[in-house]
1. Going by average Cβ density within 10 Å per residue, which order do the peptides 157-163, 32-38 take, highest to lowest?
2. Using a Gaussian network model of the chain with C-alpha springs under 10 Å, which one of Lys114, Lys196, Lys105 is most mobile by mean-square fluctuation?
3. When the dipole is taken about the Cα centre of the range 133-203, and only Lys, Arg (+1) and Asp, Glu (-1) are charged at their Cβ, what size is it in debye, to the nearest 20?
4. Students often forget the sequence filter, so: which lysines lie under 27 Å Cα-Cα from Lys140 once same-chain residues fewer than 8 apart are removed?
5. Quote the Stokes-Einstein diffusion coefficient, in whole µm² s⁻¹, for the chain, based on the Kirkwood radius over alpha carbon pairs, a temperature of 4 °C and a viscosity of 1.567 mPa s.
6. How many Å² of accessible area per residue for the range 91-199, probe 1.4 Å?
7. Compactness ratio of the range 145-220: Cα Rg over 2.2 N^0.38 Å, N = residue count?
8. As a test of the formula, what do you get for the chain when each DSSP H run with n ≥ 4 contributes -39,500 (n - 2.57) and the sum is divided by the residue count, at 222 nm and rounded to the nearest 500 deg cm²/dmol?
Amino acid sequence: AGVHCLVEKPIASTVEEAESMIEAAAINQVKLMVGHIERFNPAVLKLKSLIEEGMLGELIIISTRRVGPFQPRIRDVGIIIDSATHDIDACRYLTGKEPQKVFAKSGRLLHPFKEDYALIMLDFGSSAASIEVNWFTPYKERTLVVTGSKGIARLDYITQQLTLHNSENGHTIEIEHAEPLKTEIAHFLDCITTGKEPLVNGHEGLQALSIALQAAGGEK
């Protein structure tokens with residue numbers, strides 16, 4: 001309809017739907033942005049800069065945990081599409097690569113239709129990522145740990161705390177806290193007024209969806 005669009009993640013239910021959205025946005029010359037909110041988490045942005053500066057050396061392993069109590073209100077999708085897409089996108093962003101292979105083990109115990117726990121491994125070639133999601137942990141945890149050849153960084157998505165450890169010591173990285181949702185919306189509006197490309201455009205959303213669908217067994 002010629003309207004700039006900020007859509008919640010994942011971008012769509014299928015790859016084909018996502019591709020049609022990207023095509024429609026291009027034809028109508030409007031901005032299409034996908035709300036992968038962790039891209040606007042100041043701790044994630046700071047970690048990305050540390051990686052680019054070589055503070056961790058060569059990346060080896062990324063390990064994430066996004067766990068918490070069962071969510072009975074979520075009935076249309078499983079935990080991979082609902083939750084793991086956050087960390088799939090974060091791992092793509094931090095490595096700057098697309099996974100060469102996707103492995104996953106998932107199951108269903110309480111959810112009436114879809115998987116409610118999963119362990120996903122993304123093979124990036126020189127590095128790998130392990131993504132754990134479940135709706136059985138009695139407390140909420142949202143963490144990411146990056147192991148590199150020169151050090152380890154641990155990030156808490158919720159508290160926006162980032163700690164860096166090397167062979168000699170560990171210390172907390174100073175971060176200016178911000179509300180990711182507010183930053184995300186401000187970025188979208190800035191893209192509209194300035195004409196620049198959104199940080200998480202349709203293609204980025206499509207890649208995250210495609211990987212999640214592979215992990216969920218929906219598409220290969």
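The values are calculated or read from the model by the stated rules, or taken from the named source; none is laboratory data. Being a predicted model, the structure only gives us computed values, none of them experimental. We place every Cβ from the backbone using ideal geometry, glycine too, and count neighbours over all the protein chains shown. Note: areas computed on protein heavy atoms with side chains; ligands, DNA, RNA excluded. Shrake-Rupley method; radii C 1.70, N 1.55, O 1.52, S 1.80 Å.
1. Working: 157-163: 16.1, 32-38: 23.4.
Packing order, densest peptide first, comes out as 32-38, 157-163.
2. Lys196
3. Details: 6 positive and 9 negative charges, 42 e Å.
That gives a dipole near 200 debye.
4. Straight-distance partners of Lys140: Lys9, Lys46, Lys48, Lys105, Lys114, Lys182.
5. On the way: Rh = 18.1 Å.
Calculated translational D: 72 µm²/s.
6. Numbers: 6240 Å² over 109 residues.
That works out to 57 Å² per residue.
7. On the way: Rg = 17.4 Å, N = 76, 2.2 N^0.38 = 11.4 Å.
Working it through for the range 145-220, the quotient is 1.53.
8. On the way: 5 runs with 65 residues, N = 220.
It comes out at -9500 deg cm²/dmol, rounded to the nearest 500.
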